[in-house]
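Report on one structure; see the data block that follows.
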Amino acid sequence: MRFSIIFRIPKAVLTSQITRNYSEYAPKALRSLKPKSTRNNLQFYVDSCRVRAVAGNGGDGCVSFLSVWCKEQAGPDGGDGGHGGHVIFRATHSKKSLNHCHSVIQAKHGERGTHKDCTGKNADHIVVDVPLGTIVKDGSGRVVGDLQGEGTMFVAARGGAGGRGNKFFLTDTEQEPMVAEYGAVGESNHYTLEVRSMAHLGLIGFPNAGKSTLLRAITRARPTVAPYPFTTLRPHIGMVPYDDYEQVAIADLPGLIPGSHKNYGLGIQFLQHAERCRGLIFLLDGTNDPLKQYKTLNHELKQYSAQLVQRPRCVVLNKMDVPRVAEIYRNISTHIRTKSVGETAVIGISAKTGHNISELLRVIRQMYDEGEDSDKSH
């Protein structure tokens, strides 16, 4: 006979054991062995753009009459014109941003018909690949397309039909038609393309808080940094690889200023960038009243969207290499209470010297894992 013994483990003990095991066996961030590119052209991320889709015109029909040696007047033989090309947006996982989209997308025109009943060549369609989850809005801001699935297509502009040649107009009473059709004009429409999800986590903070320096420290991205005050105008994306082959996308977002929800500075455009990130990393400048910065950031996000405030977050205090920031860090940790991941409410780092970057990378991966589990549950 076999006997089964059931042990009941207290929930508190089990939770602490899981937390300790996660910290011990959590995936480790890999150090990039490949050097950063030395190219002069920097690649920034485009998550929204306005395009004009112009389809091709149809080819004109032909007026022609067949004449051969054995029969001088053999009747009309004008061919039809070819159709103009469409402009099509197609969702694919191979594209991550809208950098490649031009402001004007023009399809080719169909060729005109010729004699001997030869139909003009149809123009090829222009297919523009866009990231999965791209939203297409018309000129009035109405959503007309939501490209979520792989291979999903949206016809942005239809090409014109080719005109019919005089052979089409041959009847019993009209044996010599001298008429043919012009090709139809293709559509021309304006659209706004928006990527629903830009990155897993976004760095938000005041200008000159060190967001670009931090992104350069943990990824191979190369946003511009300099010893004088300025702010990033366009988002940059960097990938943090881990030893279990997962990659976490981190976005360096433009700096926020008080009144952004009223469209001050980059304003609504900045807040839209933050809205396309699953989680937020509040990066505070330790030398410039970080507690006030945190309250201002929270206020701006709340005024723009109540849902944005509820997203997963962590708070990071930068510039710990400055002597007086260490004392500020001890004081601010007791004032800021967030839903941040990990045991501490605030993570003190130095993006310049690399102090405590490993702890930040661990918290970033934990936020990513919790976000993935939340998506699967929904």
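The values are calculated or read from the model by the stated rules, or taken from the named source; none is laboratory data. Keep in mind that this is a model prediction, so the values were computed, not measured. As a convention, Cβ positions derive from the backbone with ideal geometry for all residues, glycine included, and neighbour counts pool all protein chains shown.
In region 75-96, the residue that is nearest to His200 (Cα to Cα) out of those that are surrounded by fewer than 24 Cβ atoms within 10 Å (Cβ to Cβ) and among the β-branched types (Val, Ile, Thr) is Thr92. On the given criteria, is Val144 at pLDDT 95 or above and surrounded by fewer than 22 Cβ atoms within 10 Å (Cβ to Cβ)? No, not satisfied.
Within region 138-151, none of the residues are in contact (Cβ under 8 Å) with a residue 60 or more places away in the chain and under 19 Å from Val185 (Cα atoms). Has region 81-89 got at least one residue that is out of contact with any strand residue (DSSP E or B) (no Cβ under 9 Å at 6 or more places or on another chain) and more than 30 Å from Thr192 (Cβ to Cβ)? Yes. Applying the criterion of being at pLDDT 90 or above and of a type in the set (A, V, I, L, M) to the residues of region 40-75, the residue that is farthest from Lys95 (Cα to Cα) is Val63. Select from region 118-155 the residues that are under 20 Å from Val54 (Cβ atoms) and part of a loop (DSSP other than H, G, I, E, B) and list them in ascending order. Those that are under 20 Å from Val54 (Cβ atoms) and part of a loop (DSSP other than H, G, I, E, B): Gly120, Lys121, Asn122, Ala123, Asp124, His125, Asp138, Gly139, Ser140. The residue pairs whose first member lies in region 172-189 and is more than 20 Å from Gly79 (Cβ to Cβ), whose second member is in a loop (DSSP other than H, G, I, E, B) and acidic (Asp, Glu), and whose beta carbons are closer than 8 Å, counting only pairs six or more residues apart or on different chains, are Asn189/Asp138. Has region 308-331 got at least one residue that is under 25 Å from the mean Cα position of the chain (by Cα) and among the acidic types (Asp, Glu)? No.
Which one of the conditions (1) part of a strand (DSSP E or B); (2) surrounded by fewer than 17 Cβ atoms within 10 Å (Cβ to Cβ) does Lys71 fail to meet, given that it meets all the rest? Looking at each condition in turn, Lys71 falls short on (1).
Looking only at residues in region 110-136 that are at pLDDT 90 or above and small (Gly, Ala, Ser), the one that is nearest to the chain's Cα centre (by Cα) is Ala123.
Put simply, of Ala209, Ala161 the only residue that is of a type in the set (A, V, I, L, M) and at pLDDT 90 or above is Ala161. Which residues, counting only those in region 172-196, are in contact with a Lys or Arg (Cβ under 6 Å, 6 or more places away or on another chain) and either in a strand (DSSP E or B) or within 30 Å of Asp138 (Cα to Cα) (or both)? Selection gives Glu187, His190, Thr192. Candidates are the residues of region 197-220 that are in a loop (DSSP other than H, G, I, E, B) and among the polar types (S, T, N, Q); the one that is surrounded by the most Cβ atoms within 10 Å (Cβ to Cβ) is Thr219.
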